[in-house]
Amino acid sequence: MTLGVRRWETLADSVQGVGKRRNQDWYACQGTGSGPDPLVLAVADGHGSAVHARSALGARFAVDRFVVLAGAFGRAAHDCHEPGRLARLMTYARDDFPRALVHEWRQEALGHWDRNRPVVEEASREPGTEEKLVLYGTTLIGAVLTPWLFVAWQIGDGDLAVVEHDGTLVRPLAPAEEDLGDETESLCGREAWRAMRMHWAPLFEEARSPRLVVLSTDGLSKSFASADGYREFVSGLAGRLAQEGGAGVREALPDWLAQASRYSGDDTTLAAAVRPAPVPAGTPAAPGGPEGPVEPGAAEARTPPGPDGGEVDTERTTET
């Protein structure tokens, strides 16, 4: 499920929400982080309601198409030191990449609809294109890392957290105002590319690469009472990875996500890449303490809807 790579170590897992009929999330980790083989991370969260009845497929389509397009972008960015090339890459990443991704996702979803039309009465009206796409609605966060460039995109909720080379923790794609309730932007929205946010970070020295990049669906951040709890989780994750390496964290990750899922009641997915580096003294040793990511009192007295426990989705894989 998790694989070590030359430049980065990756870890990822996904847990089905308590009381959910199926896991609507999907994720991928692929590549080494070298110029010819960029590291690509992605997580998607299908909306899951009856209106979005095929959103688990929509999430998978989003991740699959992102991996292909971001991998090609990362390879094209290998020679970004040529005069004017970095500016052209940034323009493409800001304007053309979101359009290409949305187009590819729409084609994938509509193709699936054509191959899997529901059986209806002959007189029934054929749904319009936008109605079909709503069935597959999903959010997406994706990132690509090369030795000289780190770029990430997001549409909808979920979180991108970055521990920089100096230990600073940032959430570069966090919206100025959080979405209300369950409302969020979606790949199924009209002109969805306009709602896609981008983080652009050239790395003029490889030593200034982030120490840790974490992508997670909102089932994780919603398990905390505030954004501070989520930030403490990521800081603790960085500290524990630095102290123990990936093996211990990899083993504990499903339990942490399951505990978070019990608080949020939602599918919970995390994909992360860590670059080994010293961590300043005082960094927390573990996310939320030795018991896992959610401390007593870290969530607002939330009771999991349904029976305790979360089911790890063993169908998710990471690739290299």
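Is the range 143-154 home to any residue that is under 17 Å from the mean Cα position of the chain (by Cα), surrounded by 22 or more Cβ atoms within 10 Å (Cβ to Cβ) and under 16 Å from Glu191 (Cα atoms)?
Looking for residues that are under 17 Å from the mean Cα position of the chain (by Cα), surrounded by 22 or more Cβ atoms within 10 Å (Cβ to Cβ) and under 16 Å from Glu191 (Cα atoms), one finds at least one in the range 143-154, hence yes.
I'd like the full set of residues that are closer than 21 Å to Leu39 by Cα and loosely packed, with under 14 Cβ neighbours inside 10 Å, limited to the range 93-119.
The answer is Asp96, and nothing else.
Given the condition at positive phi and in contact with a Pro (Cβ under 9 Å, 6 or more places away or on another chain), answer yes or no: does some residue in the range 216-237 qualify?
Scanning the range 216-237 turns up no residue that is at positive phi and in contact with a Pro (Cβ under 9 Å, 6 or more places away or on another chain).
Criterion first (under 16 Å from Arg60 (Cβ atoms), among the aliphatic types (A, V, I, L, M) and either without any contact (Cβ under 8 Å) to a residue 24 or more places away in the chain or touching a Cys at 6+ places or on another chain (Cβ under 8 Å) (or both)) does Leu149 satisfy it?
Against the criterion (under 16 Å from Arg60 (Cβ atoms), among the aliphatic types (A, V, I, L, M) and either without any contact (Cβ under 8 Å) to a residue 24 or more places away in the chain or touching a Cys at 6+ places or on another chain (Cβ under 8 Å) (or both)), Leu149 does not qualify.
Here's the yes/no breakdown for (1) closer than 22 Å to Val15 by Cβ; (2) modelled with pLDDT under 95; (3) surrounded by fewer than 16 Cβ atoms within 10 Å (Cβ to Cβ); (4) not aromatic (Phe, Trp, Tyr):
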| residue | (1), (2), (3), (4) |
| --- | --- |
| Trp193 | no, no, no, no |
| Trp200 | no, no, yes, no |
| Glu206 | no, yes, yes, yes |
| Ser216 | yes, no, no, yes |
| Leu220 | yes, no, no, yes |
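Here are Ala192, Ala227: which of them is in contact (Cβ under 8 Å) with a residue 60 or more places away in the chain and in contact with an Asp or Glu (Cβ under 9 Å, 6 or more places away or on another chain)? Full working, then the answer.
Values: Ala227 fails: in contact (Cβ under 8 Å) with a residue 60 or more places away in the chain.
It is Ala192.
Picking from Leu160, Leu145, Leu135, Leu140, which residue would you name as being touching a Pro at 6+ places or on another chain (Cβ under 8 Å) and within 17 Å of Asp45 (Cα to Cα)? Show your work before the answer.
Numbers: Leu145 fails: within 17 Å of Asp45 (Cα to Cα); Leu135 fails: touching a Pro at 6+ places or on another chain (Cβ under 8 Å); Leu140 fails: touching a Pro at 6+ places or on another chain (Cβ under 8 Å).
After ruling out the rest, the residue left standing is Leu160.
Going by the structure shown, is Pro36 in contact with a His (Cβ under 7 Å, 6 or more places away or on another chain), in a loop (DSSP other than H, G, I, E, B) and either closer than 18 Å to Thr217 by Cα or not charged (D, E, K, R) (or both)?
yes
Quick grid of which residues meet (1) touching a helix residue (DSSP H, G or I) at 6+ places or on another chain (Cβ under 6 Å); (2) polar (S, T, N, Q); (3) over 22 Å from Ala201 (Cβ atoms):
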position: Ser14; (1), (2), (3): no, yes, yes
position: Val18; (1), (2), (3): yes, no, yes
position: Gln30; (1), (2), (3): yes, yes, no
position: Leu41; (1), (2), (3): no, no, no
position: Gly71; (1), (2), (3): no, no, no
position: Glu82; (1), (2), (3): no, no, no
position: Arg85; (1), (2), (3): no, no, no
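Just name the residue that is surrounded by the fewest Cβ atoms within 10 Å (Cβ to Cβ) out of those in the range 49-68 that are within 20 Å of Cys29 (Cβ to Cβ) and out of contact with any Phe, Trp or Tyr (no Cβ under 7 Å at 6 or more places or on another chain).
My answer is Val68.
Name the single residue that is nearest to Ser221 (Cα to Cα) among those in the range 168-184 being modelled with pLDDT of 95 or more and in a loop (DSSP other than H, G, I, E, B).
It comes out as Arg171.
Between Val144, Val102, which is among the aliphatic types (A, V, I, L, M) and part of a helix (DSSP H, G or I)?
Being among the aliphatic types (A, V, I, L, M) and part of a helix (DSSP H, G or I) holds for just one of Val144, Val102, which is Val102.
For Ala225, state whether it is surrounded by fewer than 18 Cβ atoms within 10 Å (Cβ to Cβ), more than 18 Å from the chain's Cα centre (by Cα), among the aliphatic types (A, V, I, L, M) and over 23 Å from Asp157 (Cα atoms). Steps first, answer last, please.
Details: surrounded by fewer than 18 Cβ atoms within 10 Å (Cβ to Cβ): yes; more than 18 Å from the chain's Cα centre (by Cα): yes; among the aliphatic types (A, V, I, L, M): yes; over 23 Å from Asp157 (Cα atoms): no.
No; evaluated as a whole, the condition is false for this residue.
Scan the range 39-54 and give yes if some residue there is touching a residue at least 24 places away in the same chain (Cβ under 8 Å), of a type in the set (Lys, Arg), closer than 16 Å to Ser261 by Cα and in a loop (DSSP other than H, G, I, E, B), otherwise no.
No: zero hits.
The values are calculated or read from the model by the stated rules, or taken from the named source; none is laboratory data. It should be emphasised that the depicted structure is a prediction, and the values quoted were computed from it without experimental measurement. Glycine gets a Cβ as well: all are built from the backbone with ideal geometry, and neighbour counts include every protein chain shown.
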